Amino acid sequence: MTRVRVEGFTISLDGYGAGPNQDLNHPLGVGGTELHQWLFPTRTLQRALFGKDGTTGVDDDFAARGFQNVGAWILGRNMFGPVRGPWPDMSWKGWWGDSPPYHVPTFILTHHAREPLQMEGGTIFHFVTGGIHEALDRAREAAKGKDVRIGGGANTIQQYLREGLIDELHVAISPVLLGAGERLFEGMDMRALGYECVQFVASEKATHVVLRRQGNKDA
């Protein structure tokens, strides 16, 4: 059965999932890259991006689980690039260059239509203008029984949470302070939405928390 998952979404101690002022030089906002000190050295990420070996242990275990049984991704437009509004041209093909780390159909939420984009390594970017439900329906179909991973950003995850569409979230809490940006749980009553903590594991660089939706409950 297809599940909808958030994996490896990292927040700061003050709750921000990205820093302010995202632009071409700051894909995760100012200071945002500091959040992912737990992820960058892991064997999973190093192999995916550079074909090199990396660290093992708790952080790598959580990085690896994020790619297991994933048949499709959904991303907010900011996770694809810094451009806002209508596409000025079609030259931008994503933050990751010609070979993104997704390797499966990936659905981008946007208000501006664009033809699908075939990338190296099996990634196909599809641009969805019909909202989160259309994106999820298409992602489920493309996943062919595997899971759908919601990659972010914070606003995209919030939209799916409010509709009760996310089955499980892995959130990594990084020991840094950003001071500003986008808070993942801003305005969210996770208890009322039915989420419980089912796993809590600390490493040297992050605390990993897994939340699972148990059904709607009173706050």
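Numbers for the structure displayed
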item: Hey, Phe62 of a type in the set (Phe, Trp, Tyr) and under 17 Å from the mean Cα position of the chain (by Cα) or not; result: yes
item: Strands (runs of 3 or more DSSP E) contained entirely in the range 125-218, each with at least 2 residues that are open to solvent by less than 30 Å² (accessible area, probe 1.4 Å); result: 147-152, 168-173, 207-213
item: When residues of the range 21-44 are limited to those that are touching a His at 6+ places or on another chain (Cβ under 9 Å) and open to solvent by less than 70 Å² (accessible area, probe 1.4 Å), the one farthest from Val58 (Cα to Cα); result: Leu28
item: Sole residue being within 14 Å of the chain's Cα centre (by Cα) and within 21 Å of Ile74 (Cβ to Cβ), chosen from Arg140, Arg162, Arg213, Arg149; result: Arg149
item: Answer from Pro82, Pro101, Pro88 - the residue that is in a loop (DSSP other than H, G, I, E, B) and open to solvent by less than 30 Å² (accessible area, probe 1.4 Å); result: Pro101
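The values are calculated or read from the model by the stated rules, or taken from the named source; none is laboratory data. Predicted, not measured: the structure shown is a model, and the values here were computed from it. Because the Cβ atoms are built from the backbone with ideal geometry, glycine has one as well, and the counts that use them run over all protein chains shown. Surface accessibility is based on the protein's heavy atoms, side chains included, excluding ligands, DNA and RNA. Shrake-Rupley method; radii C 1.70, N 1.55, O 1.52, S 1.80 Å.
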